[in-house]
Amino acid sequence: MAAQIQGSQHSQRILKRKYPVRLFKKDDTHFELRRKNFYYDLIEDTDLRKKPNIDLILTKDIESYGKKGDKISLKRLKAYNDFLLPGLAVYATPENIQKYMSIVISTEHQHSSKYAIELLKVLEKCCLIVNMNIDNHWKLEKWHIKVNFRTCGIYVTEKSITMPKKDIIGPNLQNEGKEFYIKVTINETEEVKVRCRLHHVTTVPEHQLPEISEFWKISNGALFPEDEKVLNALPRPKWEDYNIEKQMYNC
Amino acid sequence: MASATRIIHNSINFIHRYNLSTCILSGLSQVRHYAARKSTREKARKKKSLTIMKKLTLADKIQKSKKNKVVQVIKPDALRYFDESKPAPTDDVYLGRIFKWNIYPFSEAILNHREFFHPTMYDYKDPYVQLLIEFNMKGVKKTKPVEPFKKLLNIKHKFDHGEERRILAICPPEEEAALEAAGALHAGGTNIVKDIMSGSISLDNFDIVIANVKLMPEILTIRGLLKKKIPTLKAETLGGNTLKLLNHQLNSVTCSVKTYKDFPEYGYSTVSIGTLDMDINHLEENMKIIIDNLMLSKPKRSGSFITRIRVICPPSNEKFKINHNLYIKEEKINTEIEDEVALPLE
């Protein structure tokens, strides 16, 4: 029958007899087991069991994981190789917690949700293409940006968007490919600046702009000259770095 | 010794090669040239004839060329986009790929599509609103799934579906004018049957033939010419009220349920329920009727038939999932054996 040894759980195998042993007969002292009584079914191998994460306390600021004194839980290999060996973190034992108590309490900048970290990473580096009509008059509003986000697979409410101070009115082909930024707040706590780029669009094939390959990679400067400082400080998308490297190699 | 044996070996080889055995060494070696058995020669002849007769058709050639290439297996949407194991969104801003799909109310799905086609954005007039329906095609038996089928579905609120349907109506002479006014390409009585027999009217110019029951004996005479276009009760092309039949054939929507080649238990279809500028309640009523009509072809087994519905609007890529269980009526499973209820003793 299934039995579990107490204590160490290192490389245990829990078995079960395939054919049960017969019962004792009357006046039987002992009997020999038959050959088929030694067939077993494997129920569980403890080596294959999913191992729990390790709790750590960070001793330095690390991007996208947390700041100094944060308590995080990671997979075992990741924790050993990237955090414990280089000395970026220590085990979250009761003694260590007491030791680093002063740091742990002083930092209170936890994210609003555990998914916010990945979202911030995406939003910081993204460049939203805002598709607007080429023929009809328009004024850029919040729901325009909501729809453009939705087509990319990011779901935003109108409350969380703050628009630029000046109005943006079109259609104006001089503004094609020009940049501005908006602010998105996640759960009313984290605020991110998102780079946006205007693009004119139609469904009438005669009115379409001449086709440019990979138009989304070309920026024509800032829409408002006072925003240039902020836009230059924002991190650029990954493909733009790659594009610059490619040009350098070609030279 | 070795040299002597080699000489003998060579000489025997030479004799066999030039077939000199009979003349020189008739007594030493036995070589017999009997005819092969009857059956073996016939088999060989048949094989030869078969290889010559089999000429490769175009389809065979294509298959042969495909054999060497890697054929991509198209997986059904139900297996590719399986979101039920993912967590539900909790934040007000979130990435779609991490979480479950949002389930929209029907009105919100339509309003979202209207935003995309707003004059300040893409400015596209009257795209069709369609339902992307996924089916569970398991049959009553495990080995026999439901075969793909095609249906004409009635709708309550009409719209221009954009298909051209040329209809020939065979009816009593009183109804001719009314039918042609309603939209039939050609209508007539017994004289049409004669024209088809003589060949002055060719059936290639018509897609559908509808007929009144009264004229059925005359139609049966041209059964061989009509072939698949023969009016039947099942296809709703034969009946007492010809005007009703015509309206059904003209205004109803086609729905063809297809299955995947490698996965016959998964089906899908797209049905249009109206244009985007129609009233939302009208669109919803059309959808209800279509779902009710499709549920009639469900096999008699437990479990769901329709598994998922998404609202789409073809030029845009957005798909909005809706709760289809709201529109499916609860079915009564036939329980023949009823449990006996114990009555209290008096």
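A few remarks follow.
- The lone exception for B:HIS161 - which of (1) assigned to a loop (DSSP other than H, G, I, E, B); (2) within 14 Å of another protein chain (Cβ to nearest Cβ) it fails: (2)
- Screening A:ASN96 against (1) out of contact with any Ser or Thr (no Cβ under 8 Å at 6 or more places or on another chain); (2) surrounded by 14 or more Cβ atoms within 10 Å (Cβ to Cβ); (3) in a helix (DSSP H, G or I); (4) assigned by TED's automatic domain parsing to the domain that holds A:GLN208 leaves a single unmet condition, (4).
- Conditions (1) of a type in the set (S, T, N, Q); (2) under 29 Å from B:GLU115 (Cα atoms); (3) without any contact (Cβ under 8 Å) to a residue 24 or more places away in the chain; number of the one not met by B:SER200: (2)
- Some residue of the range A:210-230 being in contact with a Gly (Cβ under 8 Å, 6 or more places away or on another chain), touching a residue at least 24 places away in the same chain (Cβ under 8 Å) and within 14 Å of chain B (Cβ to nearest Cβ): no
- Filtered residues of the range A:123-139 (kept if within 11 Å of chain B (Cβ to nearest Cβ), closer than 15 Å to A:ILE182 by Cα and of a type in the set (Val, Ile, Thr)): A:VAL130
- Residue among B:ALA88, B:ALA109 that is touching a Lys or Arg at 6+ places or on another chain (Cβ under 6 Å) and aliphatic (A, V, I, L, M): B:ALA88
- Enumerated helices (runs of 4 or more DSSP H) restricted to the range B:1-113, each holding at least 2 residues that are surrounded by 12 or more Cβ atoms within 10 Å (Cβ to Cβ) and either over 48 Å from the mean Cα position of the chain (by Cα) or at pLDDT 85 or above (or both): B:2-17, B:77-80
- Unmet criterion (only one of (1) within 9 Å of chain B (Cβ to nearest Cβ); (2) more than 22 Å from the chain's Cα centre (by Cα)) for A:GLU158: (1)
- Applying the condition of being within 18 Å of the chain's Cα centre (by Cα) and in contact (Cβ under 8 Å) with a residue 40 or more places away in the chain to the range B:294-303 and asking which residue is surrounded by the most Cβ atoms within 10 Å (Cβ to Cβ) yields B:LEU294.
- Selection from the range A:165-184 of residues that are without any contact (Cβ under 8 Å) to a residue 60 or more places away in the chain and among the β-branched types (Val, Ile, Thr): A:ILE168, A:ILE169, A:ILE182
- Those residues of the range A:161-178 which are under 23 Å from B:LEU95 (Cα atoms) and away from chain B (no Cβ under 12 Å), in sequence order: A:THR162, A:MET163
- Restricting attention to the range A:41-66, the residues being small (Gly, Ala, Ser) and in a strand (DSSP E or B) number 1.
- Selection within the range A:140-155: residues that are surrounded by fewer than 17 Cβ atoms within 10 Å (Cβ to Cβ) and farther than 30 Å from A:SER64 by Cβ. The member of this set that is nearest to the other protein chains (Cβ to nearest Cβ) is A:TRP143.
- Any hit, the range B:127-137, residues being outside any strand (DSSP E or B), more than 9 Å from every other protein chain (Cβ to nearest Cβ), acidic (Asp, Glu) and closer than 30 Å to B:ASP207 by Cα: no
- In the range B:311-327, the residues that are under 18 Å from B:MET137 (Cα atoms) and surrounded by 16 or more Cβ atoms within 10 Å (Cβ to Cβ): B:HIS324
The values are calculated or read from the model by the stated rules, or taken from the named source; none is laboratory data. Since the model is a prediction, treat every value here as computed from it, not as a measurement. A quick note on method: Cβ atoms are made from the backbone with ideal geometry, for glycine too, and the neighbour counts reach across all protein chains shown.
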